[in-house]
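Report on the following structure.
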Amino acid sequence: MNAPHLTPSTRNHVGSVARRARTSPSEAKTAHLEKLLTFLVETGRISKAERLKAEHLARVHKISVPDALVSEGWIGTEDLLSARSACFGATHVRLGLTPPDKSLFETVQVEWCLKHSILPWRRLGGRVVWVTSAPEAFDQIKQTLPRSLGLPVLSVSSAEEIEQAIAIAYRNELTEAAEATLPAEQSCRTLFVPSAALVLAACATLLLIMLLRPALVMSTIVFCAVALVAINVLFKAVLSVTALRKEPFRPERTDAGVLSHISILVPLFHEPEVAAKLLGNLQHLKYPRGLLEIVFVVEQDDDITKAALSHLILPQGFRILEVPRGSVRTKPRALNYALPFCHGDVIGVYDAEDKPAPDQLLKVAEVFRQTAPDVACLQGRLGFFNTRSGLLTRCFAAEYAGWFGLQLKGLAALGLPVPLGGTTVFLRRDVLKRLGCWDAYNVTEDADLGIRLHRAGYRTSLIDTETEEEATSTAWSWVRQRSRWIKGYILTYALHMRKPKALWQDLGTAGFASFQVMFLGSVLGALTMPVLLLMLAAYLGAPVPGIPASTIQITGSLMLGLEIINLTIWAAGIRHRKHRHLAWVLPLMHLYFLLASIAAVKALIELITRPYFWDKTGHGMSAEDARD
């Protein structure tokens, strides 16, 4: 391989480094930064006032001065890069045209390269040329370089080009790591999945028993179903009462302290319809640009989404990251792949159709700053912007109002495990890494992560902020989405119940019981909903042959009482003024949940045939409701 061409100024720079008196890395970094800023002012790239403002922002937000200059728009990234190259007499390497020597990557770790935005480029005799996007920090970084590579030589490139080069060079390593962040015993990838023959045999056995003793079997099924719904309803009632009595934590808005550096991951797959709207929604977020990065995570072969994004002008702090193909294609795998490329102390996740409240990230930072370190996760409320698009969206909105406004809030208030939502969730990065990130093989990675957080001794807190998204507006799309959730709940339940004694010890008795109700109870509830409605219809006078009259009377009376409690809970969920237009759909909620029974059957079939298949929910099919 030919040696790279170095300018005379670069050779002089290397010589001066070798001859320079020994100074501490921090002193050298400060001196180099002063040299860069002086150069920028003297060459007219920035004014003295902009330098002073950038230095102030850097002190307040604990970021670098160059980052502050770029985030405020006082200098462009290309202009800053050329200034760095000229100031330090370093070669400007175009990595897209002259890719690095991949053999050198064996000497360093990928996360170290990403953290410092640096990579080894080419060998030059007994030296190695290193490419960095921050040459003013090179003296500090080079203290950690492998001594076996000889005296390092400085060159510069943009952070984006360095990131792309690292992604190419470490492609296999990063792809494999994204799929195996968790040990095998903690991941769904090693779960036993029953064969079709085993399931058919079990169904045939149940059918045979029903033919021999139909009345006994039906009575047993009915009583079990009613007992199940009674447990679910009473549990929801306890959570709702707790939530209604619990005031939401509202942090004091202060200017004291340092805001967190937040990285927002937005996984996209076949989302061309919402790309432009999504960008507009996220641009309304009020947060210091130097402390925020928003990464659109796109599958490498998703040409339609990439084409839609390519037509957009991404502001400072927004970027696109492509995920290579692997063994599975799931949202958690994409998140795992993207995490090493992020720099934030707090990692947030949004969905493609999300419209977060503008001050949401400021609230997130304040809550994290004012709560104990064991609060490792914050979950925001989810609502819908298309609640008037039809009966289905109205029922969906009523369900979510109760789930996020009462159920999850009650779980958090009682110190019980919280199954997270897949969006508007914010996590401390160090805790997320410690737990092994997301399970790439779980199609409800959010719920699983919520349980793992609790098992590890961390808490989840609900924050008083809302993200609006698009409610699924067609019955089949709703069934597909719900079937994925049910399948994921089955996988999560089976995974954590591998060792029930350990789960009991980790969650405590109350937590273990709530886990049974939330996961096993919700799945069985979806499967038995037709039976419950049949019994209620029989109690009200509809002819239902084959069920004893005594069974109908007992279960029907219980069902009416539970229905009154259920309606009260749903009414409490929509108590706020913005949800009151949903009141008339509450008596129809059981018919709405009949769709969940169809979804549950679909989930059971896919559990056998395609356990890790991610049934994608389509977006961009509904317009926003007209605002009053």
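Quick look at the numbers
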read-out	value
Within the chain: Cβ-based charge dipole about Cα centre, in debye rounded to nearest 20 (Lys, Arg +1; Asp, Glu -1)	980 debye
Estimated FRET transfer efficiency (E34, E106; beta-carbon r; R0 41 Å; 0.05)	0.70
At least 18 Å along the helix axis (C-alpha) and Kyte average at least 1.0, DSSP helices within the chain	196-212, 214-245, 522-539, 549-573, 589-609
Lys, Arg +1 and Asp, Glu -1 on Cβ, resulting dipole of region 8-169 about Cα centre, debye, nearest 20	660 debye
Simple spin-label estimate for M589 and E247 in nanometres, 7 Å along Cα-Cβ	2.8 nm
Difference of contour (0.36 nm per residue) and Cα-Cα distance, L149 to K286	44.8 nm
Which of T617, A456, L37, positive extreme of dipole for the chain (C-beta unit charges)	A456
For the chain: span of alpha carbons on each principal axis (Å, largest first)	98, 54, 45
Length-normalised contact order for the chain - Cα pairs under 8 Å, 6+ apart - percent	15 percent
Computed lengthening from E78 to A307, 0.36 nm per intervening residue step minus Cα-Cα distance	80.1 nm
Counting DSSP beta bridges with both ends in the chain, the antiparallel % (nearest 5)	30 percent
A510 versus L314: modelled label distance in nm, points set 7 Å from Cα along the beta carbon direction	4.5 nm
Cα lying deepest toward the dipole's positive end in the chain, options C188, H581, L414, charges on Cβ	L414
Where trypsin sites (Lys or Arg not before Pro) fall in DSSP loop in region 526-628, at most 15 other Cβ within 10 Å	R575, K616, R627
Potential lengthening between L567 and L200 on full extension [0.36 nm per residue; Cα-Cα distance subtracted]	128.3 nm
Calculated P(r) of region 237-359 - Cα pairs past 19 Å, %	55 percent
Of K286/K363; K355/K578; K62/K355; K277/K433; K331/K616; K53/K363, those spanning more than 20 Å from alpha-carbon to alpha-carbon	K62/K355; K277/K433; K53/K363
Cα gyration tensor, region 500-628 - rounded (a/c under 1.5), prolate or oblate	rounded
Virtual paramagnetic centre 7 Å along Cα→Cβ of K501, amide N under 13 Å, in region 173-197	none
Distance between modelled label sites at H581 and L52, nm, 7 Å Cα→Cβ extension	5.2 nm
DSSP-assigned coil residues among chymotrypsin sites (Phe, Trp or Tyr not before Pro) in region 71-143, each with at most 14 further Cβ atoms within 10 Å	none
Share antiparallel - DSSP beta bridges, region 375-492, percent rounded to 5	25 percent
Gyration tensor (alpha-carbon) shape descriptor, region 8-169, a/c threshold 1.5	prolate
Cα-Cα separations in region 130-210 greater than 19 Å, expressed as whole percent	67 percent
Dipole of region 8-169 [Lys/Arg +1, Asp/Glu -1 at C-beta], most positive-end residue of S47, L57, T98	T98
Region 277-379: trypsin sites (Lys or Arg not before Pro) falling in loop per DSSP and having at most 16 other Cβ within 10 Å	K286, R325
Computed E for R127/T609 - FRET, C-beta separation, R0 51 angstrom, nearest 0.05	0.35
Per-residue [θ]222 nm for the chain (sum of -39500 (n - 2.57) over DSSP H runs n ≥ 4, rounded to 500)	-16000 deg cm²/dmol
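Rule-based calculations on the coordinates, nothing more; no lab input. These numbers come from a predicted model, not from an experiment. Glycine gets a Cβ as well: all are built from the backbone with ideal geometry, and neighbour counts include every protein chain shown.
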